[in-house]
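Q: Mind looking over this structure? Questions follow.
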Amino acid sequence: MFPRQTNESRRFFYEDSIIIFLKYLGLLIVDSDGIPIRTSMDNASTLHYASLISQLTVQAKRLIRELDPNQELEQLRLRSLKHEIIVAPESKYIMIVIQTPEAL
């Protein structure tokens, strides 16, 4: 039996499972200020994605709150021809997965 976990700890627990199942290009865990905590990418890419995605996440949370104060952002998914970015924000951390669209 697994010990009881919070949502934040589940994100870290499932991190290894995500790596196995997805053809990912990168996996980042950043704090609420956009500072990288864990990453599988090089330093320049990590800082670039962490900065931009954390800013986008703040704006998306603000938009959701403005539309309906009773709702909160659970997941943000962006897709282009080259990449798909999945963002899972929690109260203290943001998990960012960058993968190829063919992985779906």
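The values are calculated or read from the model by the stated rules, or taken from the named source; none is laboratory data. Since this is a predicted model, take the numbers as computed values, not measurements. Positions of Cβ are generated from backbone atoms using ideal geometry, with glycine treated the same way; all protein chains shown enter the neighbour counts. Quick note on the areas: whole protein, heavy atoms, side chains included, nothing else; ligands and nucleic acids left out. Shrake-Rupley method; radii C 1.70, N 1.55, O 1.52, S 1.80 Å.
Q: Return the residue satisfying two criteria in turn: it lies in the stretch 29-70 and is open to solvent by 50 Å² or more (accessible area, probe 1.4 Å) and assigned to a strand (DSSP E or B), and of such residues it is farthest from His83 (Cα to Cα).
A: The extreme case among them is Ile37.
Q: Separate question: Which condition number does Met95 fail, the rest of (1) within 18 Å of Val30 (Cβ to Cβ); (2) surrounded by fewer than 11 Cβ atoms within 10 Å (Cβ to Cβ) being met?
A: Met95 satisfies every listed condition except (2).
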